[in-house]
Amino acid sequence: MNIRLNERPYDASPGATLFALRDAVKPDADVVILNGAAMRGDASLADGDEVCLIRRGETPSADELEALMAARHTPGVHARVKGAAVGIAGLGGLGSAIAIALARMGIGKLILADFDVVEPSNLNRQQYFVDQLGLLKTDALAANLRRINPYVALELHAVRLTPDNLTPIFGSVNVMVEAFDRADQKVMILQTFAVNRPDIPLVAASGLAGFGSETTIGVTSIGRNIHVVGDLETAARPGWGLMAPRVGIAAHMQANVVLRLLVEGRTT
Amino acid sequence: MTVTLTYFAQIRRKAGVESETVTATDGTTVHGVLAAIQHGAEFGELLFEKTGALRPVILLVVNGLPSTPERMLRDGDSVQVFSPVAGG
């Protein structure tokens, strides 16, 4: 009988039941899911059934987590993503959300850089928790990412990025993400990295403040290999701040542009 | 020489055009070409400091790659003018 067990093909004996399968394969499982429904009682299995056996609090093995993730992706996506490295400059509202989205996708490696620590005002939009206040953002984000996907390789740089260290830190990535807060830093990375490494696509952001229309946030291609997400105009300023919904939209658009570049090599 | 300028966001709005072709003396710098353009005071204030220098938050992309205001242009060059805004 051909079934899927934890997203992998499994040959079950004819007449096998759900609990017998559990007892044979993972007797310590305390959550048993059959075709998407958590089961409290035993049930007969049929060809094509999908069974998921979970022990609460247990981290899946690397192979198991990979199989689980790959099953959710379009065929071919996971292999591309798993073999890729992405750099993220700035781990604030954009960078922290982008890192989490890519980790959930099973990205192979993330190179993360930010000199800053988690502050209370960050919590309105950045992917940190109140018990992480005062921690370096690199360390706090790494801890959060490891709770989501412990198998993503992480390279952390708790440094202020400059024209001198940008390329040495990020020169090995497949795609570079600009997630800075200040406009002059955005210009700095565009003038430095895009010139030194024009072969590496750069996904930047500009214009995502406030709570204006979400539909004005788009992707604009500038130059040979620069893709800018945002409405290009709405700057963060007193009285018109950065807020989780619109920042999140922009961050996930950046993550999606990264994904398209990795999988398809283009964004159009 | 003839060069093509393309503007983005608020620079485009103040220019009143998305793109334009301008004529200049061979070897004129990017700064020189932009300084000669007349699209009103607000356009000028977006691009230039009171000293006449290009504002540091203006990104210039010449023929697909970020460049500097001192870059000397040649016939047929394309220049994109973009100003990233704060927020992230």
Translational diffusion coefficient (Stokes-Einstein; Kirkwood radius from C-alpha pairs) of the stretch A:2-58 at 25 °C, 0.890 mPa s, in µm²/s
220 µm²/s
Ranked on Cβ counts within 10 Å of their own Cβ, fewest leading, A:H78, A:H73, A:H227 go A:H73, A:H78, A:H227
Using alpha carbon centers only, the stretch B:61-88 is separated from the stretch A:120-193 by a whole-angstrom value of 26 Å
How far is helix A:137-148 tilted, in degrees, relative to the longest principal axis of the Cα atoms in chain A, given as a value from 0 to 90 rounded to the nearest 10?
20 degrees
Using every alpha carbon pair in the stretch A:77-264, what percent of pairs falls into each 10 Å bin from 0 up to the bin containing the largest distance?
10, 40, 39, 10, 0
Measure nothing but the geometry: give the 0 to 90° angle between the long axis through the Cα atoms of A:93-104 and the longest principal axis through the Cα atoms of chain A, rounded to 10°.
30 degrees
Compute the Rg to Rh ratio over the protein assembly as shown from the alpha carbon atoms, using the Kirkwood formula for Rh, and round to two decimal places.
1.10
Between A:A235, A:A194, A:A183, find the one with the highest GNM mean-square fluctuation for chain A; connect C-alpha pairs within less than 10 Å.
A:A183
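In deg cm²/dmol and to the nearest 500, what is the mean residue ellipticity at 222 nm of the protein assembly as shown if only DSSP H runs of at least 4 residues count, each as -39500 (n - 2.57), divided by the residue total?
-9000 deg cm²/dmol
For the stretch B:15-88, which GluC sites (Glu not before Pro) pass both filters: DSSP loop (anything but H, G, I, E, B) and at most 13 other C-beta atoms within 10 Å? Please report the intermediate quantities before stating the final value.
Details: sites: B:E18, B:E20, B:E42, B:E45, B:E49, B:E70; in loops: B:E18, B:E49, B:E70.
Those that pass, being in a loop and sparsely packed, are B:E18, B:E49, B:E70.
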Only Cα pairs within less than 10 Å get springs; with that Gaussian network setup on chain A, which residue of A:R104, A:R197, A:R72 has the largest fluctuation?
A:R72
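Hey, could you grab the Kirkwood Rh for the stretch B:2-82? Inverse mean 1/r over distinct alpha carbon pairs, Å, one decimal.
Values: mean 1/r = 0.0801 Å⁻¹.
Computed over Cα pairs of the stretch B:2-82, the Kirkwood hydrodynamic radius comes out at 12.5 Å.
Could you line up A:D231, A:D63, A:D199 from fewest to most neighbouring Cβ atoms inside 10 Å? Display every interim value, and only then the final one.
Working: A:D231 22, A:D63 11, A:D199 7.
If I rank by nearby Cβ atoms, fewest first, I get A:D199, A:D63, A:D231.
In percent, how large is the relative contact order of chain A, given Cα pairs closer than 8 Å and 6 or more residues apart? Don't jump to the answer; show the numbers that get you there.
Values: 495 pairs, mean separation 41.8, N = 268.
With pairs under 8 Å counted, the relative contact order is 16 percent.
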Those trypsin sites (Lys or Arg not before Pro) in the stretch B:1-61 that DSSP places in a loop and that have at most 16 other beta carbons within 10 Å:
B:K50
Using alpha carbons only, how many degrees (0 to 90, rounded to 10) separate the axis of helix A:244-264 from the longest principal axis of chain A?
70 degrees
For chain B: relative contact order, % (alpha-carbon pairs under 8 angstrom, 6 or more apart):
41 percent
If you take every DSSP beta bridge fully contained in the protein assembly as shown, what fraction is antiparallel? Give it as a percent rounded to 5.
55 percent
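Just in the stretch A:1-82: which GluC sites (Glu not before Pro) are loop by DSSP and have at most 13 other Cβ atoms within 10 Å?
A:E58
For the stretch A:76-176, what does the relative contact order come out to in percent, with C-alpha contacts under 8 Å and a separation of six or more?
Numbers: 171 pairs, mean separation 35.4, N = 101.
RCO, the stretch A:76-176: 35 percent.
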What does the charge add up to near A:N122, with Lys and Arg as +1, Asp and Glu as -1, over the other residues with Cβ less than 12 Å from its Cβ?
-2
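Mind checking the mean number of beta-carbon atoms from other chains within 10 Å of the Cβ atoms in B:67-73?
Numbers: counts 3, 2, 0, 0, 0, 0, 0.
For this peptide, the per-residue mean of nearby foreign Cβ atoms is 1.
Read the figures in this text as sums done on the coordinates, not as results from a lab. Source: prediction; values computed, not measured. Don't worry about glycine lacking a Cβ; one is built from the backbone with ideal geometry, like all the others, and counts go over all protein chains shown.
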